[in-house]
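These notes concern the structure reproduced below.
The values are calculated or read from the model by the stated rules, or taken from the named source; none is laboratory data. Given the structure is predicted, the values throughout are model-derived calculations rather than measurements. Cβ atoms come from the backbone with ideal geometry, glycine included; neighbour counts cover every protein chain shown. Only protein heavy atoms, including side chains, enter the accessible area calculation; ligands, DNA and RNA are left aside. Shrake-Rupley method; radii C 1.70, N 1.55, O 1.52, S 1.80 Å.
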Amino acid sequence: MRPTPMTDARRTVYIETYGCQMNVSDSELMLGTLTAAGYEQAEGPEGADVILVNTCAIREHAETRVIGRLGELKRHMKAGTIMGVTGCMAQRLGPRLLDQARHVSLVIGPDGYRALPDLIDGARNGQRSAVTDFDLEEHYQDVLPIRGDRVKAWIPVQRGCDYRCTYCIVPTTRGPERSRDLGDVVREVRATAEQGITEVILLGQTVNSYRTGGHDFADLLRAVGAVDGIKRLRFTSPHPNDFSDRVIAAMAGVPAVCEHVHLPMQSGSSRTLKRMLRRYTREEYFDCVARLRAAIPGLALTTDVIVGFPGETDDEFAETISAVEAIGFEDAFTFKFSAREGTPATRMPTELTVPDEVASARLDQLITTVRGGSRVRNLGRLGERHEVLVERTAKRGGHLMARTRDFKTVLIPADGYAPGDYLTVELTGTTGSTFTGAPVSSRAALPMAG
Ligand code: 5AD
Ligand code: SF4
């Protein structure tokens, strides 16, 4: 660790994060690295000594947004401010980004954050660098993350991806899959629990394929679930093919594991799934859902779906709609296919391209289907009682945002509760997607007289 400069005021760093939870977690690690080197976090870009934009490359739209934002952030630069781009877009474009944006002096991919303090010093001396090497040993295990959330903690347990879904840029931007040592994960979870955090979310691109030193994801769930003080355990995102019986048994057997799985489906058509190289059929996906539901009563499922993948016919799309209806997802992230340079999907015959108007219409229909289904189910749940964890103050004044174990958002009156509190609520209203709830006075049964 380098000494904190004593003579001048601490340098400040502002980090803006785009994309997935893995990026949120990476930003916490970057902040940890820079704090250890004497930097202080700035809440906004104005006047910061260092501005870092942690980026996503998953869809073209994500990248155009960042390009626009980089232009805006330029206005906040003062003499000597260092502007850096990190994350998946940095990895994908590398030195090309330095050419495109002259005010950017650092481009650093997901495995290069350890060198941030040195690279920033170099940039201060006029160097412009692009660091995009993969480091298969890199888990940032000795870096103390500076967490932005005081209620729940994201814990990276795996980096990279070994699947090769034909639409996906992630294997290119995050490199091959590697799992982090189990003991190391447990140590981080323990330290997190000691700070009063009761919920952890294990992160990995295909998190349930976790495997290291003879341990699999089932072992990891059991080990993390056994840490004192951890009341809720979630993970994202699993791949259907990695739900072994052992993993499902661990989910069912570890009380902290919450009754919610985000299970990316991508398509409900076996033919589309084959072109996507998802490595399962519609029937196999349904089977995975059935095994999970049989083992975990009350399990809520959410998913990711892509529409307009090359060659997707009306019939194939209809199979996606029927799968969404049959499974009854609580919610779905829905996307129009976006061609990513270098991915196998871009090499498919151009006559397979789905026209944008068709993809847009399919997206609308899919969203209507998802919302319609969850609305009906949510209306049917009014009156139920659930344990919720208060996450933060809600946008609606005087209210707090809380979550059930099965991942429903519930707005409750603030009434003296605070983020981090657990309480039981009755679901009193729903917008169709989120709920309002009323705290239920805890009339615990008195112990029976012996
Ligand atoms: N186009 C559209 N959606 C994509 N996703 C990944 N790659 C693409 C792409 N090229 C979606 C998938 C994935 C989620 C994180 O983003 O649904 O599960
Ligand atoms: Fe991308 Fe497929 Fe890997 Fe997920 S499993 S990160 S969609 S390649």
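Among Asp118, Asp142, Asp184, Asp162, which is the only one that is in a loop (DSSP other than H, G, I, E, B), away from ligand 2 (no atom under 16 Å from the Cβ) and not hydrophobic (A, V, I, L, M, F, W, C)?
Residue meeting the stated conditions: Asp142.
For the condition in a loop (DSSP other than H, G, I, E, B), more than 25 Å from Ser374 (Cα to Cα) and not hydrophobic (A, V, I, L, M, F, W, C), what is the one hit in Pro310, Pro264, Pro297?
Pro310
Within the range 68-75, does at least one residue satisfy the condition of being away from ligand 1 (no atom under 16 Å from the Cβ), acidic (Asp, Glu), open to solvent by 10 Å² or more (accessible area, probe 1.4 Å) and under 30 Å from Gly183 (Cβ atoms)?
No, that holds for no residue.
Given the condition in contact (Cβ under 8 Å) with a residue 24 or more places away in the chain and within 12 Å of ligand 1 (Cβ to nearest atom), answer yes or no: does some residue in the range 321-331 qualify?
For the range 321-331, residues in contact (Cβ under 8 Å) with a residue 24 or more places away in the chain and within 12 Å of ligand 1 (Cβ to nearest atom): absent.
Scan Gly94, Gly19, Gly87 and give me the residue that is small (Gly, Ala, Ser) and more than 16 Å from ligand 2 (Cβ to nearest atom).
Gly94
Among the residues of the range 219-268, write down those that are in contact with a Lys or Arg (Cβ under 6 Å, 6 or more places away or on another chain), within 16 Å of ligand 2 (Cβ to nearest atom) and open to solvent by 30 Å² or more (accessible area, probe 1.4 Å).
Asn241
Identify all residues within the range 143-195 that are within 16 Å of ligand 1 (Cβ to nearest atom) and surrounded by fewer than 16 Cβ atoms within 10 Å (Cβ to Cβ); write none if there are none.
Result: Asp162, Arg164.
Out of the residues in the range 315-350 that are within 15 Å of ligand 2 (Cβ to nearest atom) and among the polar types (S, T, N, Q), which is surrounded by the fewest Cβ atoms within 10 Å (Cβ to Cβ)?
The residue in question is Thr346.
Identify all residues within the range 40-96 that are part of a loop (DSSP other than H, G, I, E, B) and small (Gly, Ala, Ser); write none if there are none.
Across the range 40-96, the qualifying residues are Ala42, Gly44, Gly47, Ala48, Ala57, Ala79, Gly80, Gly94.
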